[in-house]
Amino acid sequence: MIARRITVRGRVQGVGFRAWTIATARAAGLSGWARNCPDGTVEIHAEGDPAAIEALIRDCHEGPPSARVSGVEVAEAAAEGAEGFAQRATV
């Protein structure tokens, strides 16, 4: 099990990116959360199988059809012991 913090840039707020992330992560069996940030990015904390996290990261480069992703940053993170995948309030 690993944990990653993913920051997605571009037109990613107001286009269903968080809901898409939650559905995609749940389908992959990941735990964690997604939230909008004041700078217009979406921040994701994902925990689980390394292959599933890598697949989520690859998918984040596209996102839902309405999104226009201009960048994805990934950093190692400490596991939070999350159960399930949820939406968090904006920072």
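Peptides 20-30, 79-89, ordered by how many other C-beta atoms sit within 10 Å of their residues on average, highest first, read 20-30, 79-89. Rounded to the nearest 10 degrees, the inclination of helix 50-60 to the longest alpha-carbon principal axis of the chain is 0 degrees. Take the alpha-carbon centre of segment 1-16, take the same for segment 28-91, and report the distance between them in whole Å. Each part reduced to its Cα centre gives a spacing of 4 Å. When only the Cβ of Lys, Arg, Asp and Glu is charged (+1, +1, -1, -1), the dipole of segment 2-81 relative to its Cα centre reaches about 320 debye. Take the Cα of Ala19, step 7 Å toward its Cβ, do the same at Arg58, and the gap between the two points is 2.6 nm. Within the chain, all pairs of alpha-carbon atoms sorted by distance into 5 Å bins from zero give the percentages 3, 16, 30, 29, 16, 6, 0. Once the Cα atoms are used to define both axes, helix 17-27 deviates from the longest principal axis of the chain by about 30 degrees.
None of the figures in this text is laboratory data; all of them are computed from the coordinates on show. Predicted, not measured: the structure shown is a model, and the values here were computed from it. Every residue, glycine as well, gets a Cβ built from its backbone with ideal geometry; the counts of neighbours run over all protein chains shown.
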